[in-house]
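Visitor: A single structure is presented below for examination.
The values are calculated or read from the model by the stated rules, or taken from the named source; none is laboratory data. If you're wondering where the values come from, they're calculated on a predicted model, not measured in any experiment. Every residue, glycine as well, gets a Cβ built from its backbone with ideal geometry; the counts of neighbours run over all protein chains shown.
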Amino acid sequence: MPPNGSSNQAPVIAAYNLAKTFGNTVALRDVSFEVRAGEIFGLLGPNGAGKTTTVRLLACLYEPTGGSGRVLGLDITDAGNAERIRERIGLLTESPGLYDRLNALEYLDFFGDLYGMAAADRRASAERLLKMLGIWERRTDRLARYSKGMKQKIAVARTLIHDPQVIFLDEPTSGLDPESAKVVRDYVLELKADKQRTFVLCTHNLAEAERLCDRIALINQGRVVALGTADELRARLAGGKERLCKLHVRERAAEMAEVVRRFAAVHPEVTGVEQAGDVITYSTTDAQKLNPLIIQTVVAAGGQIVALNQDEQSLENVYLELMHDSREAD
């Protein structure tokens, strides 16, 4: 069955109760999600969680032990679809796996040829990608002479050489310096915006997941433990927990602080009201419900509000707590 939260539009990528074992080792137990057209979907989790196995199943490099999936409308459990799926996707694996005796142009031309691209198209695509990644000047050097970061860039270029509709990226910025990593991230966003490409991104980088991904599946011990946007995941963790809020007012701050204290007297979810200068601070376990009421109350009392800020749960805190909860549950 499709997972909760799916749209009426047919997903470009779908996993339904996917499972995979290797001998006695359970790599995936029960993984379900859907990815819509033009979406960047993140798989976030620790080493050994099942992210790479999930991608390899969807790319038809492994056969599932259980469950099913679809990519571009094709059933991944049908062996006859494997080649059709692989020729229409781009796959960046966790290790570059380059042919060290070739130079960059030869390497990319070889893979473009495998995808059936015309010679002129192969050359144009290789030049565009190598220039974008900042290694055009090294295009005739053998890959054996490349640094780790440069090899990762060539692997990214190989993934994109045939302009695929669906792109699976397993740790795409691994080994890259901050400037190069930004180039890759910006290009992913450009492809999404301009060409409506659909991505599945495996990453350990929480900031990268938050910046790039429309939705994120947190995977641990072979199963999805949470799924949603970064804000939805924060909201899930924040329920019932105290949030520190700061109400900035224009003038009459001491008087407005008393207004907030009277409000707190009848709303026990609001505690610790203090005032320093033009800022009134307080804590609440239900910021979404009570902050609008506090604003209304202060304005009704003649207060002028400049801003209301509340501490957000970082994605790191969300990740760590949900992973801890999943381990406790197991």
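Visitor: Just to check your reading of the model, which residue among Glu127, Glu63, Glu137 is over 21 Å from Phe199 (Cβ atoms), surrounded by 14 or more Cβ atoms within 10 Å (Cβ to Cβ) and of a type in the set (D, E, K, R)?
Guide: When all the criteria are applied, what remains is Glu127.
Visitor: Can you name the condition, by its number, that Gly303 falls short on among (1) part of a strand (DSSP E or B); (2) buried (at least 16 other Cβ atoms within 10 Å of the Cβ); (3) more than 35 Å from the chain's Cα centre (by Cα)?
Guide: Result: Gly303 passes all but (1).
Visitor: With Arg122, Arg70 as the choices, which residue is buried (at least 19 other Cβ atoms within 10 Å of the Cβ), in the same structural domain as Phe199 (by TED's automatic domain parsing), within 22 Å of the chain's Cα centre (by Cα) and of a type in the set (Lys, Arg)?
Guide: After applying the criteria, what remains is Arg70.
Visitor: What pairs come up if the first residue lies in segment 70-96 and is farther than 12 Å from Phe168 by Cα and at pLDDT below 95, the second is part of a helix (DSSP H, G or I) and of a type outside the set (Gly, Ala, Ser), and their beta carbons are under 8 Å apart, counting only those six or more places apart or on different chains?
Guide: Qualifying pairs under 8 Å: Pro96/Lys151; Pro96/Gln152; Pro96/Ile154.
Visitor: What number of residues within segment 148-193 satisfy the criterion of being on the phi < 0 side of the Ramachandran plot and in a loop (DSSP other than H, G, I, E, B)?
Guide: Result for segment 148-193: 9.
Visitor: Here's a follow-up. Go through segment 73-110 and give me each residue that's within 26 Å of the chain's Cα centre (by Cα), of a type in the set (Ser, Thr, Tyr) and over 20 Å from Phe22 (Cα atoms).
Guide: Selection gives Ser95 alone.
Visitor: Additional query: Could you tell me whether any residue of segment 12-20 is at pLDDT 95 or above and assigned to a loop (DSSP other than H, G, I, E, B)?
Guide: Yes: segment 12-20 contains one or more residues that are at pLDDT 95 or above and assigned to a loop (DSSP other than H, G, I, E, B).
Visitor: Sticking with this one: Determine which single condition Cys202 fails, assuming it passes every other condition in (1) surrounded by 14 or more Cβ atoms within 10 Å (Cβ to Cβ); (2) more than 24 Å from Ser32 (Cβ to Cβ); (3) not hydroxyl-bearing (Ser, Thr, Tyr).
Guide: Result: Cys202 passes all but (2).
Visitor: Out of the residues in segment 235-256 meeting the condition of being over 13 Å from Ala301 (Cβ atoms) and either part of a strand (DSSP E or B) or in contact with a His (Cβ under 9 Å, 6 or more places away or on another chain) (or both), tell me which one is modelled with the lowest pLDDT.
Guide: Going through the qualifying residues, I end up with Arg243.
Visitor: Looking at (1) modelled with pLDDT of 95 or more; (2) over 30 Å from Asp194 (Cα atoms); (3) of a type outside the set (Gly, Ala, Ser); (4) out of contact with any helix residue (DSSP H, G or I) (no Cβ under 8 Å at 6 or more places or on another chain), which is the only condition Asn24 fails?
Guide: (1)
Visitor: Looking at Gly175 and the list (1) under 24 Å from Asn47 (Cα atoms); (2) surrounded by 22 or more Cβ atoms within 10 Å (Cβ to Cβ), which single condition is not satisfied?
Guide: Tallying (1) under 24 Å from Asn47 (Cα atoms); (2) surrounded by 22 or more Cβ atoms within 10 Å (Cβ to Cβ), Gly175 fails exactly one: (2).
Visitor: Right, something else. Just to be sure, is Leu102 farther than 30 Å from Ile13 by Cβ and touching a helix residue (DSSP H, G or I) at 6+ places or on another chain (Cβ under 7 Å)?
Guide: Yes; evaluated as a whole, the condition is true for this residue.
Visitor: Could you figure out which of (1) in contact (Cβ under 8 Å) with a residue 24 or more places away in the chain; (2) part of a loop (DSSP other than H, G, I, E, B); (3) touching a Leu at 6+ places or on another chain (Cβ under 9 Å) isn't true of Glu63?
Guide: Only one criterion in (1) in contact (Cβ under 8 Å) with a residue 24 or more places away in the chain; (2) part of a loop (DSSP other than H, G, I, E, B); (3) touching a Leu at 6+ places or on another chain (Cβ under 9 Å) is unmet by Glu63, namely (1).
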